[in-house]
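Notes follow once the structure below has been shown.
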Amino acid sequence: MKKVFLFLILLFLSLARITAQTEKASDSHIEIEVIPFEDLMKMGIEVASAQEKNIFNTPSTVSVIDAETIRRFNFTSVAEALNTVSGFSVIRTYLKRDIPISRGILQDNYANKVLVMINNIPAWNGNTGEGNLDRINIHDVERIEVLKGPASVLYGTNAYSGAVNIVLKKSAESKGSSVMRFGDNGFLEGGANFAFSNQDLSFFISANSSTQSGKDYFFVDQANVSGHVDQYMKSNNFTFSLGYKDHGLLFNRYTVDESYLGVSPTFAAGAGNDHFLNGYLLNYSFKNQLASSLQFNTKLTFDWNQRVLSRTFDDDTRSDVAGQRTNASLNFIYTPMDKFSLQLGGEYGLKQSLKYNNISAQKDLVLEENNMKDKSVYDLAVFSQVEYTLSSLNFLVGVRYNYNQLFGGNVSTRGTMVYSLDDKNSFKFVYGTSYRSPSLFELYFRTSTNTVFGNTALKPEESSSFELSYLTSFSNFFVQALGYYAEYTNKIYRTTGTVTLENGTTKSNVSVYMNGNKFTAKGIELEVKYSLPKELNVFVNFSYVQGDNGDEVAGNGNYNFKFVPQQSLVAGLSKQFGDLAVSALTNFISEQGASKSTIGSQATFDFTVSYTHKVGLFALRHSVSAKNVFDKTVLYPEYVNRVLNAVPSGYGRQIFYSLDLEM
């Protein structure tokens with residue numbers, strides 16, 4: 001690793017020296033395209049409402065990771081960027097990596113409580129309900145909008161504790177860029193994108209490929225068998241977005257091949273073997289101004305996802321899981337005056353489990369179907385939002401009625417009052433409720449050996465929260481501070497229990513999905529940012545959350561907030577010295593409980609040095625980054641099976657070189 005590090009440093013210095021010698025002084029300096037701080041504060045945010053609003057006026061609590069921050073700190077993934085957001089984290093379980101967590105509400109192996117969207121288009125697995133952060137490369141991202149708290153009125157199910165909107169790059173002219181990264185632990189990445197727009201036509205196209213190995217892990221599984229696990233992550237994605245007049249088309253295709261720790265955390269159940277994900281998203285949208293005060297838009301979405309994972313040590317027995325989702329929505333926005341707007345809409349959604357087969361790879365034989373073939377559930381919804389502005393006060397009231405084929409009707413509501421002292425100071429009071437209907441997997445899954453059971457008697461998860469926030473901007477500072485109180489009801493979790501079969505016999509000590517009891521949480525979140533474009537960028541994000549143990553069952557010591565750190569702090573600093581820039585970032589989390597022993601506080605540190613110059617029509621940016629520079633093994637409590645105490649992030653120290661090229 002030292003040799004790789006020295007090579008990267010020498011390469012970096014050599015490139016800087018060569019370009020400095022070969023370019024004329026008048027041409028060597030390049031003006032880095034940076035959005036002025038004032039414009040950042042006015043940037044339209046799409047995730048919080050039907051119409052774009054800036055961060056001071058948007059009727060929800062939203063954090064934004066802009067392109068400049070992504071560039072300055074050389075983030076390599078959407079997950080890495082999200083880990084810097086106050087009140088937000090990305091963790092892993094033994095089964096799945098990159099699980100987004102909003103305000104400490106844990107998601108079991110399948111990340112289905114935070115909605116993931118691409119350009120405001122929900123993208124999730126019709127079988128298990130989860131979104132996937134790895135289907136978009138960070139190099140293709142214009143910004144990431146993070147909504148914390150209930151979001152069901154706008155987006156329906158799965159926006160239970162928050163939503164993440166990944167906004168693709170846009171350009172008012174022809175603009176292309178590419179990225180190449182390589183470093184230790186087999187890290188290699190390449191990708192390119194191109195964007196164009198004029199009055200009637202816009203399009204974006206990108207393709208990316210990445211592979212990396214993690215830190216070698218000596219794994220002692222829950223059967224007390226030990227051995228080394230090779231950690232790796234390989235991903236490929238292709239994205240195409242087209243807009244022509246009132247029409248829009250979005251296509252995303254991705255594959256992810258990652259190591260994992262088994263269907264249960266044992267070598268016998270496939271620990272260290274492949275976990276393969278594959279899918280595509282297709283969306284068509286149409287937007288039309290029917291009259292000066294009436295806008296109409298519709299969206300049609302098809303989303304297909306597959307998972308193939310090893311179930312045995314020899315990798316012969318695998319699970320082949322496929323699901324799809326079809327969605328159609330109509331939306332009318334009536335704005336007869338600047339002070340008043342009315343939104344009315346309807347939506348139809350169908351989620352389908354195509355298969356969950358256990359197969360023999362060598363014999364190409366289906367061993368069992370796990371009660372998941374051709375299962376489906378539909379949802380119908382109507383929703384409305386009314387917004388009214390009275391002087392410096394803005395009011396919004398929204399409601400969604402959702403009818404689920406299995407669970408009947410459910411009502412989600414939201415209400416917001418924004419008081420603007422001026423265009424840079426505002427108070428927000430936000431109340432919202434949300435729901436998540438059980439996934440098909442949670443409802444129907446059942447092994448032929450009667451060891452794991454879904455539960456058709458499950459109820460939808462529900463939540464409600466109150467928030468009070470203050471936002472201000474002054475002298476290149478931006479501050480967002482808030483406090484909240486939230487209640488969570490019927491949260492679905494997997495536990496050990498007793499199940500009665502159709503013939504009246506009972507099975508004890510089996511895994512089954514259940515609804516938990518109501519529990520509550522309260523917290524504070526603080527975001528402070530200081531920005532001098534082309535000179536200095538500093539941010540500090542802090543969060544504190546305290547939850548009770550209301551969802552603990554029979555005093556067994558296992559409940560959501562036992563496994564959640566109360567405090568987290570992320571701080572970043574980036575300084576520009578002409579064409580040279582340096583950045584440093586630290587991520588700290590306080591101690592957190594686990595099934596056997598407490599995990600102490602943990603901190604990681606990242607450093608990046610970059611040099612930007614011009615060659616002809618191209619801007620080149622060379623960077624050397626050291627992520628997790630002290631090689632800290634970050635641990636997450638194993639809260640799903642609760643037999644192991646913790647699982648590692650999978651990544652140790654990583655040193656790599658990046659070359660970004662823009663046209």
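The values are calculated or read from the model by the stated rules, or taken from the named source; none is laboratory data. These numbers were taken from a predicted model, which means no experiment stands behind them. Here the Cβ is made from the backbone with ideal geometry for all residues, glycine too, and neighbour counts use every protein chain on show.
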Tell me which residues, restricted to the stretch 71-113, are closer than 27 Å to Ser623 by Cα and of a type in the set (A, V, I, L, M).
Val78, Ala79, Ala81, Leu82, Val85, Val90, Ile91
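Answer with yes or no whether Thr301 is β-branched (Val, Ile, Thr), closer than 16 Å to Ile121 by Cα, crowded, with 19+ Cβ neighbours inside 10 Å and under 25 Å from the mean Cα position of the chain (by Cα). Spell out how you get there, then give the answer.
Numbers: β-branched (Val, Ile, Thr): yes; closer than 16 Å to Ile121 by Cα: yes; crowded, with 19+ Cβ neighbours inside 10 Å: yes; under 25 Å from the mean Cα position of the chain (by Cα): yes.
So Thr301 fits the description; yes.
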Being of a type in the set (Val, Ile, Thr), farther than 30 Å from Gln385 by Cα and at pLDDT 95 or above is true for just one of Ile166, Ile136. Which residue is that?
Ile136
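Before we move on, is Ala328 aliphatic (A, V, I, L, M), closer than 30 Å to Phe219 by Cα and in contact with a Leu (Cβ under 7 Å, 6 or more places away or on another chain)?
Against the criterion (aliphatic (A, V, I, L, M), closer than 30 Å to Phe219 by Cα and in contact with a Leu (Cβ under 7 Å, 6 or more places away or on another chain)), Ala328 does not qualify.
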Pick from the stretch 252-281 the residues that are touching a Ser or Thr at 6+ places or on another chain (Cβ under 9 Å) and among the β-branched types (Val, Ile, Thr): which of them is modelled with the lowest pLDDT?
Val263
Let me confirm something: among Lys518, Lys428, which residue is charged (D, E, K, R), touching a residue at least 60 places away in the same chain (Cβ under 8 Å) and in contact with an Asp or Glu (Cβ under 8 Å, 6 or more places away or on another chain)?
Lys428
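Which of the residues belonging to the stretch 587-606 are part of a strand (DSSP E or B) and either surrounded by fewer than 16 Cβ atoms within 10 Å (Cβ to Cβ) or in contact with a Ser or Thr (Cβ under 9 Å, 6 or more places away or on another chain) (or both)? Break it down into steps so the answer makes sense when it comes.
Quick first cut of the stretch 587-606, residues part of a strand (DSSP E or B) only: 587-589, 592, 599, 602-606.
Selection gives Asn587, Phe588, Ile589, Gln592, Gln602, Ala603, Thr604, Phe605, Asp606.
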In the stretch 378-400, what count of residues is obtained for those that are assigned to a strand (DSSP E or B), more than 29 Å from Asn455 (Cβ to Cβ) and not hydrophobic (A, V, I, L, M, F, W, C)?
7
Test: residue in the stretch 556-569 that is touching a Pro at 6+ places or on another chain (Cβ under 6 Å), aromatic (Phe, Trp, Tyr) and touching a residue at least 12 places away in the same chain (Cβ under 8 Å):
yes
Suppose we filter the stretch 201-251 for residues that are outside any loop (DSSP other than H, G, I, E, B), within 30 Å of Val263 (Cβ to Cβ) and of a type outside the set (A, V, I, L, M); how many remain?
18
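Quick grid of which residues meet (1) buried (at least 24 other Cβ atoms within 10 Å of the Cβ); (2) basic (Lys, Arg); (3) more than 16 Å from Asn283 (Cβ to Cβ):
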| position | (1), (2), (3) |
| --- | --- |
| Ser102 | yes, no, yes |
| Ile105 | no, no, yes |
| Ala111 | yes, no, yes |
| Pro122 | yes, no, no |
| Gly126 | yes, no, no |
| Glu142 | no, no, yes |
| Leu147 | yes, no, yes |
Which listed residue is of a type in the set (A, V, I, L, M, F, W, C) and either loosely packed, with under 14 Cβ neighbours inside 10 Å or part of a loop (DSSP other than H, G, I, E, B) (or both), from Val538, Val512, Val553
Val553
Have a look at Val629, Val609 and point out the one that is in a loop (DSSP other than H, G, I, E, B), touching a residue at least 12 places away in the same chain (Cβ under 8 Å) and out of contact with any Cys (no Cβ under 7 Å at 6 or more places or on another chain).
Val629
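Give the stretch 581-631 a look and list any residue that's at positive phi and within 23 Å of the chain's Cα centre (by Cα), or say none.
Step one: of the stretch 581-631, the residues at positive phi are 616, 628, 631.
Correct list: Asn628 only.
With the condition kept exactly as written, say whether any residue in the stretch 267-281 is part of a loop (DSSP other than H, G, I, E, B), at negative phi, of a type outside the set (Val, Ile, Thr) and out of contact with any strand residue (DSSP E or B) (no Cβ under 7 Å at 6 or more places or on another chain). Full working, then the answer.
From the stretch 267-281, those part of a loop (DSSP other than H, G, I, E, B) are 267-273; that's our starting set.
With at negative phi added as a condition, the list becomes 267-269, 271, 273.
Going one step further and asking which of them are of a type outside the set (Val, Ile, Thr), we end up with 267-269, 271, 273.
Restricting the remaining residues to those that are out of contact with any strand residue (DSSP E or B) (no Cβ under 7 Å at 6 or more places or on another chain) gives 268-269.
For the stretch 267-281, residues part of a loop (DSSP other than H, G, I, E, B), at negative phi, of a type outside the set (Val, Ile, Thr) and out of contact with any strand residue (DSSP E or B) (no Cβ under 7 Å at 6 or more places or on another chain): present.
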Candidates Ile333, Ile359, filtered to the one that is among the aliphatic types (A, V, I, L, M), farther than 15 Å from Thr128 by Cβ, touching a Lys or Arg at 6+ places or on another chain (Cβ under 6 Å) and in contact (Cβ under 8 Å) with a residue 12 or more places away in the chain:
Ile359
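At least 1 residues that are touching a Ser or Thr at 6+ places or on another chain (Cβ under 6 Å) and not hydrophobic (A, V, I, L, M, F, W, C) in each: list the strands (runs of 3 or more DSSP E) lying fully within the stretch 82-182 that qualify. Don't jump to the end; show me each part of the working.
Details: elements: 88-91, 99-102, 114-118, 141-148, 162-168.
So the answer is 99-102, 141-148, 162-168.
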Filter result (touching a residue at least 60 places away in the same chain (Cβ under 8 Å) and loosely packed, with under 15 Cβ neighbours inside 10 Å) within the stretch 408-423:
Asp423
Can you pull out the residues in the stretch 643-663 that are over 20 Å from Ala594 (Cα atoms) and either over 25 Å from the mean Cα position of the chain (by Cα) or assigned to a loop (DSSP other than H, G, I, E, B) (or both)?
Tyr651, Gly652, Arg653, Tyr657, Leu659, Leu661, Glu662, Met663
Just to be sure, is Val263 assigned to a loop (DSSP other than H, G, I, E, B) and over 17 Å from Leu635 (Cα atoms)?
yes
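Suppose the filter is crowded, with 24+ Cβ neighbours inside 10 Å, at pLDDT 90 or above and either under 27 Å from Asn490 (Cα atoms) or not aliphatic (A, V, I, L, M) (or both); does Asn83 pass it? Walk me through how you get there before you give the answer.
Values: crowded, with 24+ Cβ neighbours inside 10 Å: no; at pLDDT 90 or above: yes; either under 27 Å from Asn490 (Cα atoms) or not aliphatic (A, V, I, L, M) (or both): yes.
Judged against the criteria, Asn83 is not a match.
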Of the residues in the stretch 152-181 that are surrounded by fewer than 18 Cβ atoms within 10 Å (Cβ to Cβ) and in contact with an Asp or Glu (Cβ under 8 Å, 6 or more places away or on another chain), the one that is farthest from Phe251 (Cα to Cα) is Met180
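For Tyr403, are the conditions met, namely being in a strand (DSSP E or B), loosely packed, with under 14 Cβ neighbours inside 10 Å and touching a strand residue (DSSP E or B) at 6+ places or on another chain (Cβ under 8 Å)? Full working, then the answer.
Working: in a strand (DSSP E or B): yes; loosely packed, with under 14 Cβ neighbours inside 10 Å: yes; touching a strand residue (DSSP E or B) at 6+ places or on another chain (Cβ under 8 Å): yes.
In short, yes.
Give the residues of the stretch 299-322 that are at negative phi and either outside any strand (DSSP E or B) or basic (Lys, Arg) (or both), sorted by residue number. Working first, answer last.
Kept after step one, since they are at negative phi, are these residues of the stretch 299-322: 299-314, 316-322.
Scanning the stretch 299-322 gives Lys299, Arg307, Arg311, Thr312, Phe313, Asp314, Asp316, Arg318.
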Please work out which one of (1) under 29 Å from the mean Cα position of the chain (by Cα); (2) polar (S, T, N, Q); (3) more than 24 Å from Ala481 (Cβ to Cβ); (4) surrounded by fewer than 18 Cβ atoms within 10 Å (Cβ to Cβ) is the condition Gln546 fails and give its number.
(3)
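From the residues in the stretch 353-377 that are in contact with a helix residue (DSSP H, G or I) (Cβ under 8 Å, 6 or more places away or on another chain) and assigned to a strand (DSSP E or B), which one is surrounded by the fewest Cβ atoms within 10 Å (Cβ to Cβ)? So that I can check it myself, show each step before the final result.
Our first condition is that a residue be in contact with a helix residue (DSSP H, G or I) (Cβ under 8 Å, 6 or more places away or on another chain); within the stretch 353-377, this holds for 353, 356, 371-372, 375-377.
The next check asks that each one be assigned to a strand (DSSP E or B); those that pass are 353, 356, 375-377.
Working: Ser353: 27, Tyr356: 25, Lys375: 21, Ser376: 15, Val377: 20.
Restricting to residues being in contact with a helix residue (DSSP H, G or I) (Cβ under 8 Å, 6 or more places away or on another chain) and assigned to a strand (DSSP E or B), the top hit is Ser376.
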